[in-house]
Amino acid sequence: MFELIGIPPQAFFGQVMLGLINGAFYAMLSLGLALIFGLLRIINFAHGALYMIGAFVAWLILQYSGIGYWGALIVAPIVVGALGIAIEVLFIRRLYELDHLYSLLFTFGLALVLEGLFREFFGSTAHPYPIPAELTGVQNLGLMFLPIYRGWVVVASIVVCLLTWFLLERTRLGSYLRAATENAPLLQTFGVNVPRMVTLTYGFGVGLAGLAGVLAAPIYQVKPTMGADLMIVVFAVVVIGGMGSIGGAIFTGFLLGVVEGLTKVFYPEASTTVIFVVMALVLLMKPAGLFGKA
Amino acid sequence: MTSSPLLSVRNLTGGYGDTQVLFGMAFDVNEGEVVTLLGRNGAGKTSTMKAITGLLSKRSGSIDFEGSETISLAPHHIGRLGLGYCPEERGIYGGLSVMENLLLPPVIRSGGLTTEQVLELFPRLRERARSKGTNLSGGEQQMLAIARILRTGARLLLLDEPTEGLAPVIVQQIGEIISKLRDRGYTILLVEQNFRFASTVADRHYVVEHGQVIDSLTAAEVTSRQSHIQQLLGV
Amino acid sequence: MSPNASAPALGATPPTTSTAKLALLIVACAVLAAAPFILYPVFLMNALLFMLFACAFNLMLGFGGLLSFGHAAFFGMAAYIAGHSAKVWGLPFEVSVLLGTAGGAALGLVFGLLAIRRQGIYFAMITLALSQMVYFFALQAPFTHGEDGIQSIPRGLLFGLIDLENDRVLYAVIAIIAVGGMLIIDRVVHSPFGQVLKAIRDNEPRATSLGYDIDRHKLIAFVLSAALSGMAGATKVFVFRIATLSDITWHLSGEVVLMALLGGVATVWGPALGALIVIVMQHYLASFGAWVTIIQGITFMACVLLFREGVAGVFIKVVNRVRGAS
């Protein structure tokens with residue numbers, strides 16, 4: 001067996017794999033944020049809380065109705081998406097005419113409320129969520145042992161990201177969405193119900209966060225704070241990628257996950273801060289972000 | 001022709017924020033007509049167009065389209081009634097290809113041109129079908145902006161200054177297209193500052209000043225009253 | 001939907017009248033002098049320092065139009081520096097506070113240089129991410145003692161003479177620091193520099209065309225805001241004798257935003273009022289666990305939806321209406 005600068009390959013590829021998993025979540029969350037930002041021009045601070053709720057929905061329906069992982073993959077995004085639609089219709093809609101900082105502050109408050117409610121009712125401790133039987137076990141890839149569930153998470157999130165990309169770039173609905181991002185009022189004069197599209201986009205974006213929450217449940221366990229800290233890293237990812245493109249958000253998410261994983265191999269002390277350092281460097285060299293338009 | 005006009009605007013007022021720009025606009029557009037709103041910069045022509053499409057959020061009075069009162073409808077409901085809007089800045093989506101732009105507005109009723117018919121009318125667009133909207137010349141953008149509202153089945157086309165900033169050859173082409181569209185039965189409301197162009201394509205003209213219609217004339221009266229109109233327009 | 005270019009910026013139209021302000025200041029001083037005889041001095045000191053922190057933060061939001069979501073970094077890092085200076089280096093109170101303030105300013109300079117060219121939500125996200133980086137630094141660096149924090153920090157003697165171990169003496173010193181800091185902010189806001197800052201907030205292209213160096217003005221304001229936030233954090237160390245991670249988390253960054261928003265971002269003194277309300281709220285809700293967070297979140301949402309002028313803004317409106325009626 002070969003070694004990489006004194007690092008055994010199992011450790012090396014294991015960390016790259018962990019990085020890819022983190023990257024899968026960064027990608028799915030920043031994709032949702034970018035979709036919402038494109039159309040609503042708001043930063044959804046509650047995204048992390050809705051991701052957490054996605055995980056909780058999975059855990060709750062398993063506890064109380066016996067619906068397992070595969071059912072949760074469908075139910076949780078729908079529940080979270082519906083919650084998002086209610087939030088948009090009841091509250092966020094009233095804020096479009098104001099400075100966009102207000103919607104940021106509103107969703108921050110919302111995140112506090114959601115997180116606080118789950119802490120109050122379910123405690124701060126983590127609830128374990130079992131890996132579905134079909135995805136347990138480990139696969140020997142020669143260079144490393146790959147837990148099957150982790151491989152599944154990476155594949156599933158890549159598929160979800162590609163489907164979303166296809167929806168946007170290759171369908172009629174996608175052309176409406178892209179057009180609305182550029183000039184929504186004109187699109188509306190063509191007879192397209194833009195306000196409904198905005199609502200559904202918010203629902204879809206947070207639904208993606210809910211789906212990510214279900215995927216995360218067996219790996220990170222289910223706890224009320226699981227979204228908040230992740231959210232800040234995702235913001236950094238968004239700043240690095242720039243808000244310009246959907247593809248950029250996906251790519252940057254995976255890239256930074258791997259960068260974080262590699263840092264864990266070579267300089268573990270910096271693994272929690274490396275994404276922020278990258279952000280600072282990108283801001284110095286390309287303030288609009290890697291894929292952003294100035 | 002029917003007795004009641006296709007579009008009937010009465011006592012239309014409106015503005016942006018605290019600034020009022022329309023002060024009781026009133027005019028009619030009959031089925032099959034080409035009608036222009038003439039006037040200087042800032043007279044309220046574009047705001048009138050925006051009020052008709054519903055984009056001017058502060059508006060009151062009456063806008064009657066085919067017997068439906070639209071003054072309090074949302075823009076997408078107005079659009080669904082059968083109005084096609086071509087804005088002054090053309091509104092080509094830079095991130096979408098020419099073909100995507102062309103196919104973007106949904107078909108809202110039957111009777112529109114087919115995509116093939118549209119491309120026959122604008123052969124240049126066929127050549128550029130795969131280009132991004134941002135890569136078009138001004139003339140091509142204008143063609144595309146008109147072309148994409150012909151498929152939808154809209155019966156009234158609102159064209160805001162389609163000749164602005166274009167070379168004389170292109171202006172002439174646009175004039176020919178407007179004539180062809182009229183022959184096909186489209187009703188057209190045109191905003192123009194270019195009186196000479198307007199007089200070659202329109203059946204009737206309204207002169208707009210300070211957010212009101214101050215005069216109107218038919219194509220037949222244009223020659224006899226030319227100097228009067230030019231004085232009003234400050235040409 | 002589409003961004004509304006003419007939407008009023010956060011904190012537009014700051015109204016103030018100078019005679020009423022002087023009267024208020026005198027009343028405030030009287031209240032400050034009487035307060036420690038009625039209320040628990042440690043609670044008061046804590047409240048005063050958060051009032052200073054909220055006003056310092058709002059210099060950036062209310063008058064620079066930039067929402068920083070990372071101000072806890074300045075507050076918390078200054079606290080660690082002051083704590084380390086007093087405990088490990090044995091330096092006196094005044095030097096430790098100054099070192100902390102300088103640390104806050106230096107960190108503010110770094111944040112500012114990185115973030116100042118971006119506006120709006122980008123600025124908020126960048127400052128939040130940078131402050132999280134500072135948090136992880138504080139979690140790992142040896143001198144902060146990680147989860148334990150720096151404990152048993154001596155209050156020492158002020159100028160080598162005045163014993164700060166007495167709560168009422170420390171209260172007097174802190175009242176002077178906090179009110180002094182807030183007066184500095186008031187001076188800055190009403191200075192020519194403050195006018196330029198407001199002009200930039202209201203219409204940046206116009207301020208550029210008038211020849212102002214936008215980035216420099218914003219950066220100076222940001223550093224000043226960070227320095228005074230640092231001063232508040234550094235001083236707070238001596239109240240509770242500890243410096244911990246809780247002073248450097250994003251929760252605190254969010255709390256100071258809430259204080260400013262609740263008090264009224266268009267005013268100099270509103271955020272102080274907001275801070276007082278939030279601190280009192282925390283004090284009474286402390287035993288209810290997660291409800292503190294929930295109520296803070298609801299307050300945030302209510303402020304944004306119904307109450308954008310904040311308490312001070314509403315107060316000014318009512319006063320003007322009463323005046324107009326009489």
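The values are calculated or read from the model by the stated rules, or taken from the named source; none is laboratory data. Note that the structure is predicted; figures quoted are calculated from it, not measured. Reconstructed Cβ throughout: ideal geometry from the backbone, glycine too, with neighbour counts over all protein chains shown.
Being touching a Phe, Trp or Tyr at 6+ places or on another chain (Cβ under 6 Å) and closer than 26 Å to C:Ser246 by Cβ holds for only one residue in C:Gly149, C:Gly156, and it is C:Gly156.
Looking at the range A:31-128, the helices (runs of 4 or more DSSP H) lying wholly inside it that each contain 1 or more residues that are in contact with a strand residue (DSSP E or B) (Cβ under 7 Å, 6 or more places away or on another chain) sit at A:47-65. Of A:Val159, A:Val153, all but one fail to be hydrophobic (A, V, I, L, M, F, W, C), in a helix (DSSP H, G or I), over 30 Å from B:Leu159 (Cβ atoms) and touching a Leu at 6+ places or on another chain (Cβ under 8 Å); the exception is A:Val153. Among residues of the range A:267-282 that are more than 9 Å from chain C (Cβ to nearest Cβ), those with a Cβ under 9 angstrom from a residue that is in a loop (DSSP other than H, G, I, E, B) and aliphatic (A, V, I, L, M), sequence gap 6+ or separate chain, pair up as A:Val282/A:Leu290. Of everything listed in (1) more than 16 Å from C:Cys55 (Cα to Cα); (2) surrounded by 22 or more Cβ atoms within 10 Å (Cβ to Cβ); (3) touching a residue at least 40 places away in the same chain (Cβ under 8 Å); (4) not aromatic (Phe, Trp, Tyr), the single unmet condition for C:Thr267 is (1).
When A:Gly247, A:Gly292, A:Gly253 are checked against the criterion of being part of a loop (DSSP other than H, G, I, E, B) and either acidic (Asp, Glu) or in contact (Cβ under 8 Å) with a residue 12 or more places away in the chain (or both), a single residue qualifies: A:Gly292. Being without any contact (Cβ under 8 Å) to a residue 40 or more places away in the chain, within 17 Å of the chain's Cα centre (by Cα) and in a helix (DSSP H, G or I) is true of B:Gly175. Evaluating A:Pro287 against the criteria (1) within 12 Å of another protein chain (Cβ to nearest Cβ); (2) surrounded by fewer than 19 Cβ atoms within 10 Å (Cβ to Cβ); (3) touching a helix residue (DSSP H, G or I) at 6+ places or on another chain (Cβ under 7 Å); (4) not charged (D, E, K, R) leaves one unmet condition, (3). One residue alone among C:Leu114, C:Leu128, C:Leu67, C:Leu109 is more than 18 Å from the chain's Cα centre (by Cα) and within 14 Å of chain A (Cβ to nearest Cβ), and that residue is C:Leu114. Criterion first (among the small types (Gly, Ala, Ser) and part of a helix (DSSP H, G or I)) does C:Gly104 satisfy it? Spelling it out, C:Gly104 is indeed among the small types (Gly, Ala, Ser) and part of a helix (DSSP H, G or I). Just so you know, in the range B:89-128 the residues that are without any contact (Cβ under 8 Å) to a residue 40 or more places away in the chain and of a type in the set (Ser, Thr, Tyr) include one that is nearest to the other protein chains (Cβ to nearest Cβ), and it is B:Ser97.
When the range C:131-148 is filtered for residues that are without any contact (Cβ under 8 Å) to a residue 40 or more places away in the chain, within 9 Å of chain A (Cβ to nearest Cβ) and of a type in the set (A, V, I, L, M, F, W, C), the ones remaining, listed by number, are C:Met133, C:Phe136, C:Phe137.
Taken together, the residues in the range A:220-248 that are at pLDDT below 90, of a type outside the set (A, V, I, L, M) and buried (at least 24 other Cβ atoms within 10 Å of the Cβ) amount to 2.
Say whether the condition of being at pLDDT 85 or above and hydroxyl-bearing (Ser, Thr, Tyr) is met by at least one residue in the range C:144-158. Working first, answer last.
From the range C:144-158, those at pLDDT 85 or above are none; that's our starting set.
Scanning the range C:144-158 turns up no residue that is at pLDDT 85 or above and hydroxyl-bearing (Ser, Thr, Tyr).
State which residue pairs qualify: first residue small (Gly, Ala, Ser) and inside the range A:39-57, second residue at pLDDT below 95 and outside any helix (DSSP H, G or I) in any location, beta carbons under 6 Å apart, and separation of 6 or more residues or different chains. Filtered contacts from the range A:39-57: A:Ala55/A:Val222.
Look at the range A:89-105 and say how many of its residues are acidic (Asp, Glu) and surrounded by 21 or more Cβ atoms within 10 Å (Cβ to Cβ). Matching residues across the range A:89-105 total 1.
Count of the range A:254-294 residues, restricted to those that are under 20 Å from C:Leu114 (Cα atoms) and among the β-branched types (Val, Ile, Thr), is 7.
Rundown of residues vs (1) surrounded by 14 or more Cβ atoms within 10 Å (Cβ to Cβ); (2) acidic (Asp, Glu); (3) closer than 30 Å to C:Phe69 by Cβ; (4) more than 14 Å from every other protein chain (Cβ to nearest Cβ), yes/no style:
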site	(1), (2), (3), (4)
A:Leu114	yes, no, yes, no
A:Arg119	yes, no, yes, no
A:Ser124	no, no, yes, no
A:Ala133	no, no, no, yes
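Condition first: at the interface with chain B (Cβ under 10 Å from one of its Cβ atoms) and farther than 16 Å from B:Leu73 by Cβ. Now tell me which residues in the range A:188-204 satisfy that.
Of the range A:188-204, the ones at the interface with chain B (Cβ under 10 Å from one of its Cβ atoms) are A:188-197.
Listed by number, the list holds a single entry, A:Met197.
When you scan the range B:178-192, how many residues do you find that are surrounded by fewer than 19 Cβ atoms within 10 Å (Cβ to Cβ) and part of a loop (DSSP other than H, G, I, E, B)? The number of residues fulfilling the criteria is 2.
All conditions in (1) polar (S, T, N, Q); (2) outside any helix (DSSP H, G or I); (3) at pLDDT 90 or above hold for B:Thr223, with the sole exception of (3).
Here are B:Ile63, B:Ile71, B:Ile78, B:Ile149: which of them is closer than 17 Å to B:Thr187 by Cβ, among the aliphatic types (A, V, I, L, M) and more than 10 Å from chain A (Cβ to nearest Cβ)?
So the residue among B:Ile63, B:Ile71, B:Ile78, B:Ile149 that is closer than 17 Å to B:Thr187 by Cβ, among the aliphatic types (A, V, I, L, M) and more than 10 Å from chain A (Cβ to nearest Cβ) is B:Ile63.
Scanning the range B:12-26 for residues that are surrounded by fewer than 20 Cβ atoms within 10 Å (Cβ to Cβ) and in contact with a strand residue (DSSP E or B) (Cβ under 9 Å, 6 or more places away or on another chain) turns up B:Thr13, B:Gly15, B:Tyr16, B:Gly17, B:Gln20, B:Phe23, B:Gly24, B:Ala26.
Filter the range C:264-309 down to residues that are under 20 Å from C:Leu49 (Cα atoms), under 18 Å from the mean Cα position of the chain (by Cα) and small (Gly, Ala, Ser) and give me whichever is farthest from the other protein chains (Cβ to nearest Cβ). My answer is C:Ala272.
Counting residues in the range A:243-257 that are in contact with a helix residue (DSSP H, G or I) (Cβ under 8 Å, 6 or more places away or on another chain), facing another protein chain (nearest Cβ under 9 Å) and closer than 24 Å to A:Gly81 by Cα gives one or more.
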